[in-house]
Amino acid sequence: MKKTLFLAAAAGMLMLSACAPNFGGEEEQEMVQKTDKAKEKAIIPKYSISDSYYKMVIPFKAGKARGLTAERLNTRLDIDEFETGMMRLAQDSFSTDDYLFQEGQYLDEDTITSWLARKKTGADLKKAQKDDKDFQNLGLNPALSGSGSTEKQNEESPIYLAHMLEHDYLVRKDKDTIELGGVVIGLALNSVYYYREKVGDPQKEVTISDKKLKTEGEKIAQEVAKRVRNMDDLKNIPLTIVLYKQAPKSSIVPGNFIAKTEVKAGSSEVGGWDHINEEYTFFPSDKGKDKHPDDAELFKRFKNKVDTYFPNYTGVVGTALYKDDQMQEMKINIPMQFYGKSEVIAFTQFLTGEVMDYYGKSELNVEINITSSDGQEAVILKKPGDKEPTVHIYDS
C-alpha cells in the first residue's frame, strides 16, 4: 500500500517546517518572544510536515525587506534555491531540534537597498550629498571607474553583490520564553553582470570569474559583519554568512552556494571560510553527459522506458543537485497530454515502479512531478531509506 501525501505538502516543496524543536512535546505552545525592545506572544505549531526543516513562529512576521529577493535575482530558480538553500546550510550552525525559523527582522528594505548600491565618488558623491543632506555612502558595490567609456567603466567595475537576505533563528531562553539565538545572512553574487549604457540600449553583460567573485564576496562579507555588529540587537548574536553564486538569466538550473563562514558572538571579524562544493546539473544535457556519465546514462534509460510505454507527453527532464561531486537530489518533471484521470493513474503507477527500479536503492531524495496543461496531476517522492515512495494524485 503506497503512502498518501497530504495535499498541502504534495507539491514536494520542502519548506519551512521540521521535527519539533525541543520545546516540550508535540502540543501547540504559547510562549513569549523576547527582544531588546519588547515582549510579544509567540505560538509554536503543534504539527510538523517534514523532519528536515524548521518550524516557524506564529503569528507569521514577514521579513523587513520582504519582496526585494524577487526584484534582485535573475530567475525563479535562483529565488527558490537562495532562500531554501540558506535554511539548509543554517542547520550546520543552528539545529532544527533547538531552533525555530523567522524571516529577517533587523535588516530592513532601506538598509539593504542602500548597501546594494554602488559606492559613490567624485561628482556623483557631491550630487548625492547635495540632494540629501543625510546621505550615507553605504554602497557595497564598487564605484564606476573614473575614466573611459561607459562600457569600459562597467567592464572594469561590475556589480558583484546582487542581493542580501537575512534569516533569524530563535532559541529557548527558559520555560516560557524564546529569543534570537542566531542570524544567517546570504550574499547573492552575480556570475554575470548585466547593464545598459543608457535607457533603450541593448543589454550588455560582463562575465565574472569564480576566483574574482569569491574574493569580492569575502571582502563584502567582512564589511557586512562589521555593520551588523554595530546594530544593538545583533552585537552578541552568532552570525553565519553564506555566499551564493547566482546563475545567468538564460540558465535552466539555479546557481549554487560557494562558501560560508561563522562569526562568533561579539566578534566582527570573519575568520576562515568553508568551501561549498555544490552544483546543479540538467539532464539530458551535454554537460551532464560529460561531467556525470554514469548518472546521465541511468537517466537516459529511465527516459527511454517512459518513451516506450507512455508516448503522450512532451519530454522528461531532470535537475540533479551534486555535493562534492556526488548526486544528492534528483527532481524530474514530466509533462503529459491529459486524456482522462484513468490515464493519469495508470501513468503514475507505472512511474512509481520505474522510480524504485532505477533510483530505489540509491541514497537520494527523488521527486517526480507529473503535469498537464491544467496543472499538477501527480507527484512521487522517495527519500533515502524509503521502502516505498510517497504518491499523491491530485483531484480535478
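The values are calculated or read from the model by the stated rules, or taken from the named source; none is laboratory data. Worth saying up front: this structure is predicted, and the values here are computed from it rather than measured. Reconstructed Cβ throughout: ideal geometry from the backbone, glycine too, with neighbour counts over all protein chains shown.
Quick notes on this one:
- Within the range 166-212, the residues that satisfy the criterion of being over 21 Å from the mean Cα position of the chain (by Cα), among the β-branched types (Val, Ile, Thr), assigned to a strand (DSSP E or B) and under 30 Å from Ser251 (Cα atoms) are Val206, Thr207.
- Top-ranked residue of the range 348-361 - restricted to ones that are within 27 Å of Gln326 (Cβ to Cβ) and of a type outside the set (A, V, I, L, M, F, W, C), ranked as surrounded by the fewest Cβ atoms within 10 Å (Cβ to Cβ): Lys361
- Counted residues, the range 90-111 - those being surrounded by 19 or more Cβ atoms within 10 Å (Cβ to Cβ) and in contact with a strand residue (DSSP E or B) (Cβ under 9 Å, 6 or more places away or on another chain): 10
- Top-ranked residue in the range 335-365 [being in a loop (DSSP other than H, G, I, E, B) and not small (Gly, Ala, Ser); ranked as nearest to Ile393 (Cα to Cα)]: Phe338
- Evaluated against (1) more than 18 Å from Asn304 (Cα to Cα); (2) within 25 Å of the chain's Cα centre (by Cα); (3) free of Cβ contacts under 8 Å to residues at least 40 places away in the same chain, Lys361 falls short on exactly one condition, (2).
The rows are residues; the columns are (1) in a strand (DSSP E or B); (2) over 20 Å from the mean Cα position of the chain (by Cα); (3) farther than 16 Å from Met86 by Cβ.
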{"residue": "Val224", "(1), (2), (3)": "no, no, no"}
{"residue": "Asn236", "(1), (2), (3)": "no, yes, yes"}
{"residue": "Ile241", "(1), (2), (3)": "yes, no, no"}
{"residue": "Tyr244", "(1), (2), (3)": "yes, no, no"}
{"residue": "Glu269", "(1), (2), (3)": "no, yes, yes"}
{"residue": "Glu279", "(1), (2), (3)": "yes, no, yes"}
{"residue": "Asp290", "(1), (2), (3)": "no, yes, yes"}
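- Top-ranked residue in the range 285-310 [being touching a residue at least 24 places away in the same chain (Cβ under 8 Å) and either outside the structural domain of Tyr322 (by TED's automatic domain parsing) or among the aliphatic types (A, V, I, L, M) (or both); ranked as farthest from Ile252 (Cα to Cα)]: Val306
- A single entry from Leu125, Leu138, Leu116 fulfils the requirement of being buried (at least 16 other Cβ atoms within 10 Å of the Cβ) and farther than 30 Å from Ile58 by Cβ: Leu116.
- Selection status of Tyr339, without any contact (Cβ under 8 Å) to a residue 60 or more places away in the chain, farther than 23 Å from Lys289 by Cα and of a type outside the set (A, V, I, L, M): yes
- Test result for Ser114, of a type in the set (S, T, N, Q) and either under 20 Å from Glu278 (Cβ atoms) or at pLDDT below 90 (or both): no
- Number of the exception - His392 against (1) buried (at least 19 other Cβ atoms within 10 Å of the Cβ); (2) of a type outside the set (Lys, Arg); (3) in contact with a Gly (Cβ under 9 Å, 6 or more places away or on another chain): (3)
- Pairs linking a residue in the range 132-147 that is within 15 Å of Tyr193 (Cα to Cα) to a residue that is small (Gly, Ala, Ser), with Cβ atoms under 6 Å and 6 or more positions apart or on different chains, are Pro142/Ser157; Leu144/Ser157.
- Scope the range 316-328; condition surrounded by fewer than 16 Cβ atoms within 10 Å (Cβ to Cβ) and assigned to a strand (DSSP E or B); matching residues: Lys323, Gln326, Gln328
- Every condition in (1) aromatic (Phe, Trp, Tyr); (2) at pLDDT below 95; (3) out of contact with any Pro (no Cβ under 7 Å at 6 or more places or on another chain) is met by Tyr322 except one, and the failing one is (2).
- Hits in the range 362-386 - residues which are buried (at least 21 other Cβ atoms within 10 Å of the Cβ) and over 13 Å from Thr352 (Cα atoms): Glu377
- The range 304-319, subset in contact with a strand residue (DSSP E or B) (Cβ under 8 Å, 6 or more places away or on another chain) and over 24 Å from Arg88 (Cα atoms), residue modelled with the highest pLDDT: Val317
- Which numbered condition Val171 misses (of (1) touching a strand residue (DSSP E or B) at 6+ places or on another chain (Cβ under 7 Å); (2) within 23 Å of Ala247 (Cα to Cα); (3) β-branched (Val, Ile, Thr)): (2)
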